[in-house]
Amino acid sequence: MGSLSLLAAREVQIGREVRRNSTLICVPILSHSVDEMLIQMRNAKDIGADLVELRLDFLNYFNPPQHLQSLIKHRPLPTLITYRPTWEGGKYNGDESKRQAALRLAVELGSEFVDVELKVANEFLNSVREKKPENVKIIVSSHNYENTPSVEELGNLVARIQASGCDVVKIATTALDIVDNARIFQALARSQVPMIGLAMGEKGLMSRILSAKFGGFLTFGSVESGAESAPGQPTVKDLLELYNFRHIGADTKVHGVIGNPIGHSKSPHLYNPAFKSVGFNGIYLPLLVDSVSNFLSTFSSPDFVGYSYTIPHKVDGLRCCDEVDPIAKAIGAISCMIKKPDGKLKGYNVDYLGAITAIEEGLRESKGWSGSGSPLAGKLFVVMGAGGAGKALAYGAKEKGARVVVANRTYEKGRELARNVGGQAIALSDLKDFHPEQGMVLANATSVGMKPNIHLTPIPKEALKHYSLVFDAIYTPKLTRLLRESQEAGAAVVYGTEMFINQAFVQFENFTGLPAPKQFIRELLATNT
């Protein structure tokens, strides 16, 4: 079980599948007792981890000679021993010489990896140089809980750690912006020795997943949600099953959904399995982006190739395009962006296709409508919200012959959209008293009612009796308060999931150049909503 065997060739067989990277998955064990650590190690092995990190600083009672012997002797997987002091973000606040003595003992007992902090690395390495078995590798680590330093500073830090004589360099920083990940990737790509490079926090998630693409020595994954040793750490299950971690290679194409917030997005649960089902070498990530232009200019390499856009970035996305599809240009917002072979970014809007198709199907079903043309023709179509999704709905409804009314919180913004589609504008606050006729169609393109604020609704229930059909672009939750109250008021409802799935088919084909596996995508969505 020597650690050299862990540095296996890049192409390794796993069952019937080929593993496309050598990046290891390490599970941090944060148990408070040795017995619990032994159980968690077996759990880690069962879920597919390559090694475990034993965080000795989490133990309530620790007797190094007795407990290290037991943990290392009975390990079902290779071990990384870490005894993190409070001054490096850990729990241990006792005598430093005792801490290092325990780490020396872990080396002598043959733990495959032992982690020591840069601050004391030279002192520790000098003390174990004569006693270190060949198969034991020393990781020298640096943790920055404030930010991610510049490329130059990271390079200097890597050089300092490397100069200590360690076997593996570890740098963990904090991502204040998603573009910080790029500096970690540069450090990984340039490192001449095995390196662990990760950015902590939700904005650093991509560093943990794409470490496999950029040659990281290992990444961390928790046994289950809630058992993370650092913020932003995914579960092993998500790494293996959602992100197909073993199949990420240096040439894997990167896609994702750009939004803020983004944690609610179901898109990765759709596209990653769909990519895998057709053998497409791509990955799809949730991308928590503050500035679209900064993100696109930072991740400009040819492998970052396609994005979905969601609230609030659909308009900013359009501004960053080199080319814009005429429909997206008319709407004034994009929902999909593709990097063409020449590097130019082309924007599309497929929201209106997904939403309008779903609404038309809903009207046909509810009214038994079987005529030619669109059932929206001549209908009064009220859209709440004048952002990217609102523009798509207003434009799509106009194209189908509907009379459009835009209800927006800011009247001026709503009036501008209404003018562009030849419609009428009212303030959202006045919508409750707006009922010039019965049988209208209502479409919500605001974020009111989205998780976690599922108790909210953009319009009082009393006003819903004037509508024959209500559509909500929100799909988390599937049944929003707006849709539930619309049903109670007697209206037909169309779920946001239907818009989502219709446009997913189009986006999949834009991303891959392959026909969408439609039934497979429908089944995926059914299990993830």
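The values are calculated or read from the model by the stated rules, or taken from the named source; none is laboratory data. Since the model is a prediction, treat every value here as computed from it, not as a measurement. Please note: Cβ atoms are built from the backbone with ideal geometry, for glycine as well, and neighbour counts cover all protein chains shown. Heavy atoms of the whole protein, side chains included, go into the accessibility calculation; ligands, DNA and RNA do not. Shrake-Rupley method; radii C 1.70, N 1.55, O 1.52, S 1.80 Å.
What the chain shows is 41 Å² of accessible area per residue, with the surface traced by a 1.4 Å probe over protein heavy atoms. Counting 0.36 nm for each residue step from ILE39 to ASN453 and taking away their Cα separation leaves a gain of 145.2 nm. Only the Cβ atoms of Lys and Arg (+1) and of Asp and Glu (-1) were treated as charged; on that basis the dipole of the chain about its Cα centre amounts to roughly 680 debye.
Note that segment 112-118 has calculated 3J(HN,Hα) couplings of 4, 9, 9, 9, 9, 6, 3 Hz, one per residue in order, obtained from phi through the Karplus relation 6.51 cos²θ - 1.76 cosθ + 1.60 (θ = phi - 60°); glycine and proline are x. The Cα atoms of segment 146-207 cover 32, 19, 18 Å along the three principal axes, with the biggest extent listed first. Dividing the Cα radius of gyration of segment 393-476 by 2.2 N^0.38 Å, with N the residue count, gives 1.07.
Summarising the overall dimensions of segment 236-283 from its C-alpha atoms, the Rg and Dmax are 10.9, 30 angstrom. Label positions at LYS344 and ALA377, each projected 7 Å from the Cα along the C-beta direction, are separated by 3.7 nm.
For the set LYS253/LYS478; LYS346/LYS367; LYS340/LYS451; LYS170/LYS253; LYS170/LYS203, the pairs lying more than 28 angstrom apart at their alpha carbons are LYS253/LYS478; LYS346/LYS367; LYS340/LYS451. The alpha-carbon atoms of segment 213-305, seen along their principal axes, cover 35, 31, 28 angstrom, with the largest extent given first.
Once the Kirkwood radius over Cα pairs is known for segment 475-529, the Stokes-Einstein relation at 37 °C and 0.692 mPa s delivers a diffusion coefficient of 263 µm²/s.
Could you estimate the translational diffusion coefficient of segment 426-517 from the Stokes-Einstein equation, with Rh from the Kirkwood formula over C-alpha pairs, at 37 °C and 0.692 mPa s, in whole µm²/s? Present the calculation step by step, with values, prior to reporting the outcome.
On the way: Rh = 14.2 Å.
In µm²/s, the coefficient rounds to 231.
What you get for segment 131-193, charging only the Cβ of Lys and Arg (+1) and of Asp and Glu (-1), is a dipole of about 360 debye around the Cα centre. Taking 18 Å as the limit for the C-alpha separation, the pairs LYS314/LYS391; LYS119/LYS213; LYS73/LYS98 exceed it in the case of LYS119/LYS213; LYS73/LYS98. Spatial offset of segment 275-306 relative to segment 171-229 amounts to 16 Å, using the alpha carbon center of each. Rg and Dmax of segment 158-284, based on Cα coordinates, read 14.7, 46 Å. Summarised as an ellipsoid, segment 21-103 has semi-axes of 22, 15, 11 Å, derived from the eigenvalues of the Cα gyration tensor scaled by 5 and square-rooted, with the largest first.
Each Cα pair of segment 42-173 feeds into the Kirkwood radius, which the Stokes-Einstein equation turns, at 4 °C and 1.567 mPa s, into a diffusion coefficient of 84 µm²/s. Axis angle, to the nearest 10 degrees, between helix 64-73 and the longest C-alpha principal axis of the chain: 70 degrees.
Its residue count N sets the reference 2.2 N^0.38 Å, and the alpha-carbon radius of gyration of segment 345-395 equals 1.29 times that reference.
Taken over segment 322-429, the convex hull of the Cα atoms encloses 107 Å³ per residue. The fraction of accessible area contributed by carbon and sulfur in the chain is 49 percent, rounded to a whole number (1.4 Å probe; ligands and nucleic acids excluded). Between SER366 and ASN147, the C-beta separation translates, for a Förster distance of 56 Å, into a calculated FRET efficiency of about 0.55. Between the amide H of GLN424 and those of VAL404, VAL405, VAL406, distances stay under 5 Å, these residues lying 5 or more places away or on another chain, with hydrogens modeled in the peptide plane.
Here the chain is described by how far its Cα atoms reach on the three principal axes: 87, 48, 45 Å, from widest to narrowest. Sparsely packed loop sites in segment 33-110 (the trypsin sites (Lys or Arg not before Pro) outside DSSP H, G, I, E and B with at most 15 other Cβ atoms within 10 Å) comprise LYS91. Using 19 Å as the cut-off for backbone N distance, which residues of segment 258-272 belong to the label zone defined by a point 7 Å from the Cα of GLU241 along Cα→Cβ? Residues 264-272 fall inside that zone.
Pick out, in residue order, every one of the chymotrypsin sites (Phe, Trp or Tyr not before Pro) in segment 55-112 that is DSSP loop and has at most 16 other C-beta atoms within 10 Å; say none if there are none. Of the chymotrypsin sites (Phe, Trp or Tyr not before Pro), the ones in loops of segment 55-112 whose Cβ has at most 16 other Cβ atoms within 10 Å are TYR61.
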